Structures are given as C-alpha cells and as structure tokens.
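Student: My structure is below; once you've seen it, I'll send some questions.
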Amino acid sequence: MDKFPLYLNGAAAGELTVTEEPMYIIFRAVCRPAAPGLLRAYAVGERGELRLGVLAPEGGAFAIRKRVSRQMAAPLGRIVRGEARSYAAEEVHWEPASAPETLFRAPLLREKLRGMPDILTGETQQRRYLAVPYDKRKPFLLEELFCFAHIARIEDRPYAVFAFDREEKPVF
C-alpha cells in the first residue's frame with residue numbers, strides 16, 4: 001500500500017492510499033476539511049487524473065473507496081497526490097460553440113468538429129469541456145475519444161462530455 005497527501009485548496013487535508021491487486025487498483029481517499037461541503041476526490045498522476053467520486057461522511061471525516069482496473073488507471077502514470085475539490089470549483093458554464101472547429105489546435109479535432117451542430121463548450125481553471133449531442137440510436141460522434149466521454153444531461157438534453165487539459169489532451 002502506498003500513501004500520498006490529499007490536498008484541498010492547495011493545503012494538505014487528508015490522505016490517498018493506493019493498494020495494488022493483480023487486476024485492480026484500490027484507491028481510498030480520506031479528507032478532513034475545515035468546513036463540511038460536497039467534495040469530489042481525485043487521484044492525480046504524472047500524466048493525468050482520475051475522478052474517484054463524491055466523498056461521504058465517515059467517522060468524523062469524509063471518505064471514498066474506489067476499485068478500478070489497472071487498464072483504467074494506467075493513463076495516470078505514477079501517482080503523485082490526491083485532491084479534493086468542491087463542486088462549486090468544478091461548475092462549468094456552458095455556452096454554444098458557433099464555430100467549434102476553432103476551439104482546438106489539434107488537426108483531428110478541428111476536422112471532426114467542423115460544421116458540427118449544437119456543440120457546447122465551457123472552461124474551468126484546469127479544463128476545457130466539450131459537450132457533443134448524444135443519441136444512442138445514432139453513430140457516436142468523436143468515436144476516437146469514446147473512452148474519454150461521459151454522458152450527461154445539459155439543459156435536459158443528453159450530451160457526450162469530454163474534458164481536455166491545457167495542452168488539449170483528453171482526460172478522464
């Protein structure tokens with residue numbers, strides 16, 4: 001079992017433990033915030049991050065345990081820390097993208113997004129988000145990035161939502 005600090009707003013506020021099994025990796029995040037609030041936990045690696053989920057009250061702290069396949073954790077690279085983030089810090093203000101192909105420098109994304117209707121975009125301090133209309137009866141748009149999408153309802157409509165870091169690399 002390896003242990004890493006868990007940060008909240010840049011200050012150490014708990015611990016992330018990582019236990020390796022033959023086919024899985026178990027993450028356990030424990031946070032002791034100064035004030036209660038709805039928090040999500042993340043495992044942060046050298047090459048990416050993995051959202052573990054919402055921390056729940058447990059014995060005077062907030063905790064979560066998540067078991068993921070090694071394959072799902074592989075894009076992280078070497079784990080360096082855990083982070084707890086408030087929902088408010090992650091809120092995305094969605095806006096229509098009238099020319100979505102101009103949002104990215106990567107040729108593949110520019111080509112795929114050219115002329116695509118009803119695209120939404122938003123940003124936080126660390127991420128750019130792209131929401132593409134989703135219909136399970138139609139071909140999946142941006143199929144190259146399928147494994148990075150999560151399906152969400154925005155303004156009561158289903159979208160495949162993708163997150164990109166500042167270098168335009170997709171993240172889970």
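Student: Would you point out which residue out of 109, 142, 120, 130 is touching a Pro at 6+ places or on another chain (Cβ under 7 Å) and not β-branched (Val, Ile, Thr)?
Tutor: Answer to the selection: 120.
Student: What residue, among those in the stretch 93-122 that are in contact with a strand residue (DSSP E or B) (Cβ under 7 Å, 6 or more places away or on another chain) and of a type in the set (D, E, K, R), is nearest to residue 50 (Cα to Cα)?
Tutor: 95
Student: Same structure, new question: Sort out which residues of the stretch 91-128 are part of a loop (DSSP other than H, G, I, E, B) and acidic (Asp, Glu), and write them in order of number.
Tutor: Within the stretch 91-128, 91, 118 qualify.
Student: Would you tally the residues in the stretch 1-32 being of a type in the set (A, V, I, L, M) and touching a helix residue (DSSP H, G or I) at 6+ places or on another chain (Cβ under 8 Å)?
Tutor: Number satisfying all stated conditions: 2.
Student: Do we find a residue being modelled with pLDDT of 90 or more, touching a Lys or Arg at 6+ places or on another chain (Cβ under 9 Å) and of a type in the set (Lys, Arg) anywhere in the stretch 92-105?
Tutor: no
The values are calculated or read from the model by the stated rules, or taken from the named source; none is laboratory data. This one's a predicted model, so the numbers in the text were calculated from it and none came from an experiment. When we count neighbours, we look across all protein chains shown, and the Cβ atoms used for this are built from the backbone with ideal geometry, even at glycine.
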